[in-house]
Structures are given as structure tokens and as C-alpha cells.
1. Let me know the mean shielding of B:129-135 by other chains, meaning the per-residue number of their Cβ atoms within 10 Å of its Cβ.
2. Can you give me the relative contact order of chain A as a percent, contacts being Cα pairs under 8 Å and 6 or more apart?
3. Using a Gaussian network model of chain B with C-alpha springs under 10 Å, which one of B:Ala273, B:Ala125, B:Ala187 is most mobile by mean-square fluctuation?
4. In a Debye calculation with equal point scatterers on the alpha-carbon sites of region A:36-80 and no solvent, what is log10 I(q)/I(0) at q = 0.17, 0.33, 0.34 Å⁻¹?
5. Per the Kirkwood treatment, what hydrodynamic radius in Å, one decimal, follows for region B:59-298 from the mean inverse distance over all distinct Cα pairs?
6. Starting from the Cα of A:Lys256, draw a straight line to each of the lysines and keep only those under 26 Å, dropping any in the same chain fewer than 8 residues away.
7. Pull out a ≥ b ≥ c, the square roots of the eigenvalues of the alpha-carbon gyration tensor of region B:59-184, then state rounded if a/c is under 1.5, prolate if not and a/b is larger than b/c, and oblate in the remaining case.
8. Given axes a ≥ b ≥ c from the Cα gyration tensor, I'd like to know whether region A:203-332 is rounded (a/c under 1.5), prolate (a/b larger than b/c) or oblate.
Amino acid sequence: MFKLLRRTALGGMTALASLIGSSAMAVEIEYWQYFFDARVDAMEQLIEKFEAANPDITVKMTHFPYADYRTKVAAAIPAGEGPDVVQLFYGWLNDYIEADLIQPLPTDVFDPARIDEEFFPMVQAMKRDDAYYALPTAVRSLALFYNTRLFDEAGIEAPPATLDELVETAKKLTKLDGAGNITQVGITTGMTAQDHHWWREVLVRQFGGEPYNDDYKTVNYTDDAGLAALNFYVGLEKDHKVTKSGFMDEPQAAFKGNRAGMHIDGSFRIGSLNKVRGLKWAVAELPAGPDGTKSNYSSYWVNGITTKATGEKYDAALKFLDYLTSDEAMQVWLDVVGELPAKPSVGMIDANSTHETYGPFIKGLAYANTTKFANESAQRQAMVDMVGRIDIEGQDPAESLAAAASEEQKILDDYYK
Amino acid sequence: MPGYKNLSIRQKQIVWAWAFLAVPVVFYVVIRFYPTGSAFVTSFQEWNLLGTRAWTGLENYEKLWNDPVFWKVFRNTFAYLIIGTPFSLVISFVIAYHLDKTRFMHGFLRMLYFLPFMTSAVAMAWIWRWFYQPVPVGLFNNFLASLGIPQIEFLNSTTNALPSILAPAVWAGLGFQVIIFMAGLRAIPVTYYEAAKIDGVGWWTVLTRITLPLLKPTIVFIVVFSSIGFLRIFDHVFNMTTNNPGGPLNSTKPLVLMIYETAFSDFDMGYAAAQTVVLFTILLVVSLLQLWLLRGDATK
């Protein structure tokens, strides 16, 4: 409340100062992000620190529900309203550049060579023609969450390190009622959650494939490796009977309700799992493939400077963005949101990389791949339907795989035409 | 205003009439007609909401015609209409018919039937979504399992999902239809029933020869009203299938949900506008049918 009062007072003073035309240098910039409790909280802390260090700049944060976010940004910036610094998903960059919503970062402040060196390599996807357009504070990766209480109960010592061990461990954790209905799953599944990333970037690679060619413009998982990965995935339910898609409505709900032994999810889930009372959990790296291959999927949100920012607001926006990509900001983001630092210099310090919760995620970053989506929700839908056709309609996995590939290729072709 | 003084009383009345009419006229033009027209224009364009618009002629409509998902969705939309309307009509009539004859706790019972209509569709859809879950969370399946009956896949099925979603939608609309039917029943003059009684006519004949024919305007209204409702069904479907909207495998997706997804998750505004124009046409045809039916009734 006091914070709000103070900010309102500050905002009022700024407005007053500009009204009476004083020579005060105060400048207010606007920052937009989508609403997610921990992210808003972390950003408030960062803004407070930034304003303390730069008393002549105030940052006003606005947030929207995720569902409206893109629409509002698109409507506001061309109209000269809206943010000076904006948060966007890495997959939206092309659309934002094409629509002239964000501007390239000046190379004197954000030297591309320095950024190449300092950030994790996947951030290079934000570079066009030797200039970066946007930079992340944090990145996310996947890991295996497991319920330590259920592990103890089943007498399991350690989380599975390979896919074979995963199946064996899951079998020990699965419980049935008298009629044979599953009442506790060994591992959650559901392509609607994070499993489509696990399948695409992890399982396909672990079975010897390469999910896409040609810089993610061509689907390449219709070979034996893709089929083996799909068979492994649907086999968890069909052959091993250690899971049920749609069990307890959502995978994370089953895990939160102590009804799932294992659950693959992103680092952003840490915060909400911490809030669940009576849930004891731990994290391990994703299990390695049959030949020992490790892989992971990483994604991130970035901050960019909009074309609306000019003059002194532009300078203030640069300063703010510089702060958001500083080591200090990354540590705050890790502590508050649980998202991983985008620079090895912060992520790989011992306190973080051996941290019992963050460690497995940060280790995963070293071998992570980032899918370049043309339309993430549509491409996910292709995966959801691929498994749905096998599950519900009993279609042959090879046929379903081929159908999914042609569906996804069509989405890519439409986008890159 | 010297010009105003020279006007005749009749002209002054017209000026005042238009002054007052201007408010709703402006409202309709800005809030209704302009966006409608704009949607028509957008349906001939390609636009991802961020960039510039490009004219594409009839390309969006061609795409729609050749899109298997659209035809699937088209069938679903009419499935909601064709299953939903008769069911809700018959159930609400039976309830209203008997409720009309009930004296005991009449007001309380009527309130109970009306309650679902006032409940938020979102909250209701989520509750039903949990009812339909498999063991161990789903109410229905837990009940079946406790009797030793195999579970039913309510939502995770291409055949059961649509009726499962339709059921709460029908239930939610029931209260309103019951009230309208009861009003219709009360409007039938008692003298007809008295005459029938004197003649010693059975209840079936009373129902089919007096009650139903005199309820025709009410029935027409409810049919049209609920038809438009089922053609525009969205909340129940979207909230009961948020993880896989309109799924599984598009088996529950209605046209409005397809429009929503095309616009706000694929950001293909032109294509979404073309779908909107199709929906508009369907609703227009239904509405014209309504006018035609009502006029037929008035001249009788």
C-alpha cells in the first residue's frame, strides 16, 4: 500500500514538474508485461532498485492477463500509446520486428560480440543483421519433478537417470483400485502441458533423430527415430500402464495432489509448487536416452525497446534494459520467480548450479535446444492430436506421426512463405 | 437559433425527435454497424494484427471451403443445435406443464429451476468438467466405479464429449425456458379448459388440442431463442476443454471457438473475419426464418 502511495505521489510530482515546465530531468517510462504473480513481484523489486540508482527516472509497470497481452501491445504501440520497454516471448520476435513494434538495440551499449560471449548461446536467436533486438533476464528449461514422499513409500532410492529406469520407477509408483482404474500415476503425461517439448526436443533426439531441419522450417521427425520416440511416449500409457492422459484433468494438478510420482515440467512451476502445503518434492535432470544422450528444451521471455520510445525516454529505456540484463537483476529473478539466469556468469556460480532445486534446470541449459516456433499453440495442437488419434481412435502410430508432420509442415510453410 | 423559431410546430417536433434519436443512432452506428462492416472488409484481407493489411480477394473464403476443420466445426455447430434445441424444449415444457399444476412450494421450486440460468457459465462449466473426470476425482466415474461398472470416458472421447458438454448447457438454459413456458400457459384463457371439462375430454386431448396449439407463439420464440444460443455456444465448450480447446480432435469445437482461436491464438484476423461472416449469415437465415414463422402466426 505504501509502495503504491509513494509511486502515486512520485507520479503526481513528475506530472506536476512537467506541467510547470521546470528544468527537472524527471522522465517516466512505461514497462509492460503479462500478469503472473511472481513476475510482477520480481519486477516491482527491480524497478525499486533501478529507481533508487536513477532518481531522475520513474518506471511505470502495467500488466495484463496473458490472453489479452499480445492484442493490447499490438493495438497500443502503433497508436503512440503503451510501453517504452516491452516484454515478449522469444517466438514473437519476427512478428514484432516485421510490424515495426521494436527497434534494434544500439551496438555501443549492447555490443553483439559481448552479448554472444556473455549469454547462453540460445539467446543468439534474438540477433538480426549483427544487432540484438531484445534480451532476456531469465531462461527456462525442463526437469523431472518427483514426489519424495511417494518415492520413500515405494522404497525408491534415487530418481531415474535413464528412460528405462524411468519406466521401472514409474511402475513402482503406479496404484490401481480394485476395478483396475488408475488412482495414482507413476508419471504424468499430456501433450497439452510441457510434454510436446519433451517429445520434440528431447525424446526425438534421444532416439537418434533431429526433429527439424533447415533452421526449424522443415519437419524431420517422420523417420524411425521419431516413430521410436512416439512409441516410447504412448507406450507409457498403452504398454506399461503407468500413466493416463488427462488424469486429474491436468498433469500439474495430479502432481500437486500427491497423486503422481513424477512430472516433467518447466522451471516456472517451482514457485507454485512451493506454495502447495503437504507436498514434498525434489527435482532431477531429465532422464538420458538409450545411448546416453541428454537433451532439454529451453524457452525465454525477452525485453525490447519499442519504436514509441524516442528522445530522453529512449535513453531512459536503454538504461532500464541494461539494468534488466545485469547480473543483479538475474539473481533477483531467480530468487523470486525461479527462472534461470540468462548468463552463465550468474547461472554457473556454485551456489546456483549445485542448488538442489535450480541445479538440475541450470545443468539442463548446457545441452538445451530452443524450438523456433512459427505458431506455438498450433504446433502443439498437432502433437496433441497426434497422440489423441492413437489414444482415442486407435490409429497406427506411424500413420498418426505422418499426419502430424504434414499438419505441422503446413503451419511452417504458411508462416515462412 | 433564429432558424428554429421560424419552423412550424410539426417541423419542431421532427427536430426534437431526431435530437433524441441521435443518441441510439450514433450508438448503433459506432458500436454495431461500423465493426460489422469492418469485419466484412477484413474478411477480404490478410492481417496478423501487428503488421499492415494486404488485400487477398476471396482467398480467405477459398481457404475456409477447403479446410476440413471448418466442415467438422460446421457439423458440430449444427449438432449442438439439432440435439440441444429439441431436448431443452421438451424438458422445459414437461417441467413447466407440471410446475404449473403444482401448488406446494411453487415459488421455491420455480426459483430452483431458474437458479442455474443466473449462475456464471464459466463456474458451471468447470464444476461439470470435474464431475466428468475419470477416477479418482470425477463424481460420476467414482460413483460408477463404486458400483463396479467400468468408467465412462466423458470428455476424452470423440463420441461422448459433445453430448457431455451439451448437457450442462441445456440445463443452464432450462430455467429461462421454463419461465417463458409458464407465462405462455398462464396466458391461455381458462374458459377453453372449462368447456373441455364440461364436454368430458381426456387430458391428452386437452394437451394436444388446446394447450399446444395455443402455445405456438411461445414455442416459436423459445425455439428461435435457444437455436441462436446453441449456434453461438462458446463458454461451456471453451471452459470444459481449455487444455485442448474444442477437443479431443476437434470433436466439440463450435464455430465461435474456431473464430476465437483463429483470431487470438493464430492471429489470422482475415481468416477469422471470413468465419465470422459465415456465422453471421447462418444467424441471419435463422432470424429471417423466425420472422417468417412469426408472421405466419399473426395472420392466422
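The values are calculated or read from the model by the stated rules, or taken from the named source; none is laboratory data. Nothing here was measured: the structure is a model prediction, and the numbers come from that model. Here the Cβ positions follow ideal geometry from the backbone for every residue, glycine too, while neighbour counts run over all protein chains shown. Side chains are part of the model used for accessible areas, which takes the heavy atoms of the whole protein and leaves out ligands, DNA and RNA. Shrake-Rupley method; radii C 1.70, N 1.55, O 1.52, S 1.80 Å.
1. Taking the mean over all residues of the peptide, I get 4.
2. 23
3. B:Ala187
4. Log10 I(q)/I(0), no solvent term: -0.64, -1.07, -1.10.
5. Computed over Cα pairs of region B:59-298, the Kirkwood hydrodynamic radius comes out at 20.2 Å.
6. Straight-line reach from A:Lys256, under 26 Å: A:Lys171, A:Lys172, A:Lys175, A:Lys238, A:Lys241, A:Lys244, A:Lys275, A:Lys280, A:Lys363.
7. oblate
8. Here region A:203-332 falls in the oblate category.
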